[in-house]
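These notes are about the structure you will find just below.
The values are calculated or read from the model by the stated rules, or taken from the named source; none is laboratory data. If you're wondering where the values come from, they're calculated on a predicted model, not measured in any experiment. Glycine gets a Cβ as well: all are built from the backbone with ideal geometry, and neighbour counts include every protein chain shown.
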Ligand code: FAD
Ligand code: DLZ
Ligand code: SF4
């Protein structure tokens, strides 16, 4: 008898495991405290994962497979993979266990060590999801010290023949269309509505509360608006390709108080729990572009493919090449606590209030909100990357460590000293003001660096550069920052730094 363990983010119904019905194979999925409690998750994330797991189990049963599903409140639930596997080994006289490669280092190590503990053969197979292997950083950069996303992306565009012409050149003769993308919404621009699914989840919410699982955020009307199965994931993809792709790149970085999601796909949850594959997402979008080149420009589709085939795979490659040490990196030695309003949204800074409120209500914020609003502030304020990581790993519906930590500790906090990014992503109010309408209704003044109601980003920005001069001065991408600062009138500099110190002193109240 073989027991096959399916983790909560391995809900791929097209996995080759399921191509044959076998009476000597039992599949198991388990809702367990070791997974609900390793970080405080958003309530919607736990509910969406349980709903999707339950749906997946009933689909497997329906397809004629044998399934043992353990709910969180099952009296026999030992609440860890190990204790439940022990129970199932005895119950079904199991002689071997199989599992798909876990995406998280913690779980990977745990399962790799379990064979000895359980004294039973255990075999790991591919999850058949990603376009590249765990070892792909080495494949592309063998012997090199720096790992440019662009090099990685081009390598796999060529290798997988995506958006390449017949003579092996990138379609349109260019690899990168960023210059044409990334505009703010014009005045009165209204993006199309988003598809919101409607999964009422009273039973699961009650169970989670009864069992005392600590969660964060809210679940308005106890509903999940994300896809919870493959059919819905495909519907979301189809909607994105039909209505949103045509403006994806152009407004990728735009932020707005009313149109929070803009032209983003909201596919990250479906992708990360593997209900759909990156290849089909990419192929669907490339197909849509080929069908309607008059409506969808290459810049839009290239911008999107870059996120999936580039960033998503690249982050995973960095994760497997650099863990476990990566989780300890703190290049700037930052140690302050995250402001308390990261858990309430109660700040007078309009950009942060919006991004945080939205995250608490929807378990979602788009990339630029994460990078240039919440991440930018945490870095400028000198917050401890451990805390920043825990916040991002908890709050987003799509947060799994392999893609969260590389984005947070790496891209956003530069705590890896430049493995992922070539310079820290920090900005003054200038950038936020250009890309959003947040500043228009803010208590603070985006133009002021000090004095009454001066935007905190402005002084904290210079405080950041000033305090980290020894680490950043030689970075070629930072270029003119320090000469500009040095040319600023000394009195002006003092006022800016004093303003930043004053804000840091009362950070929970600004
Ligand atoms: P879209 O904008 O529609 O993009 C399409 C897809 O591209 C996404 O679904 C995602 O799969 C992929 N993608 C885009 N950008 C990235 C990226 N930088 N890294 C990896 N994949 C990317 N993404 C996660 O999936 N999980 C996380 O825990 C996560 N944490 C983040 C933390 C920080 C600080 C930052 C700056 C980014 C983080 N991201 C994370 C990346 C990105 O913000 C999300 O993938 C994206 O916002 C999800 O929304 P969407 O599906 O609408 O994306
Ligand atoms: C995130 C999560 C949560 C909240 N709960 C469960 C669970 O109860 N059972 C489970 O199998 N998986 C869960 N997950 C997803 C796992 O944390 C994820 O599969 C691992 O981190 C590997 O990526
Ligand atoms: Fe954010 Fe500053 Fe703009 Fe207010 S003024 S919204 S705090 S950037």
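The table below gives the values:
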| item | result |
| --- | --- |
| Residues (crowded, with 22+ Cβ neighbours inside 10 Å and in a helix (DSSP H, G or I)) located in region 371-390 | 372, 373, 374, 375, 376, 377, 378, 379, 380, 385, 388, 389 |
| Condition met for residue 451 (touching a strand residue (DSSP E or B) at 6+ places or on another chain (Cβ under 9 Å), within 16 Å of ligand 2 (Cβ to nearest atom) and more than 26 Å from residue 251 (Cβ to Cβ)) | no |
| Qualifying residue in region 319-336 (condition: surrounded by fewer than 18 Cβ atoms within 10 Å (Cβ to Cβ) and touching a strand residue (DSSP E or B) at 6+ places or on another chain (Cβ under 7 Å)) | yes |
| Tally of residues being out of contact with any strand residue (DSSP E or B) (no Cβ under 8 Å at 6 or more places or on another chain), part of a loop (DSSP other than H, G, I, E, B) and surrounded by fewer than 20 Cβ atoms within 10 Å (Cβ to Cβ) across region 1-20 | 3 |
| Pairs, first in contact (Cβ under 8 Å) with a residue 12 or more places away in the chain and closer than 17 Å to residue 202 by Cβ in region 40-51, second within 14 Å of ligand 1 (Cβ to nearest atom) and part of a helix (DSSP H, G or I), C-beta under 7 Å, six or more apart | 48/269 |
| From 427, 441, 436, residue being in contact with a strand residue (DSSP E or B) (Cβ under 6 Å, 6 or more places away or on another chain), touching a residue at least 24 places away in the same chain (Cβ under 8 Å) and near ligand 3 (Cβ under 10 Å from one of its atoms) | 436 |
| Single residue of region 436-473 satisfying the filter (crowded, with 21+ Cβ neighbours inside 10 Å and part of a strand (DSSP E or B)) that is farthest from ligand 1 (Cβ to nearest atom) | 454 |
| For residue 213: the one exception among (1) under 23 Å from residue 273 (Cα atoms); (2) crowded, with 17+ Cβ neighbours inside 10 Å; (3) in contact with a strand residue (DSSP E or B) (Cβ under 7 Å, 6 or more places away or on another chain) | (3) |
| Residue in region 339-352 that is farthest from ligand 2 (Cβ to nearest atom), counting only those that are buried (at least 20 other Cβ atoms within 10 Å of the Cβ) and without any contact (Cβ under 8 Å) to a residue 60 or more places away in the chain | 352 |
| Residue, farthest from residue 28 (Cα to Cα), within region 92-111, restricted to residues that are part of a helix (DSSP H, G or I) and touching a strand residue (DSSP E or B) at 6+ places or on another chain (Cβ under 8 Å) | 111 |
| Qualifying position, being more than 16 Å from ligand 1 (Cβ to nearest atom), surrounded by fewer than 14 Cβ atoms within 10 Å (Cβ to Cβ) and farther than 20 Å from residue 403 by Cα, among 119, 84 | 119 |
| Residue pairs meeting the criteria (Cβ under 7 Å; at least 6 apart or on separate chains; first on the phi > 0 side of the Ramachandran plot, in region 55-78; second in a loop (DSSP other than H, G, I, E, B) and surrounded by fewer than 17 Cβ atoms within 10 Å (Cβ to Cβ)) | 64/21 |
| Pick from region 421-435, criterion outside any helix (DSSP H, G or I) and at pLDDT 95 or above, ranking: surrounded by the most Cβ atoms within 10 Å (Cβ to Cβ) | 424 |
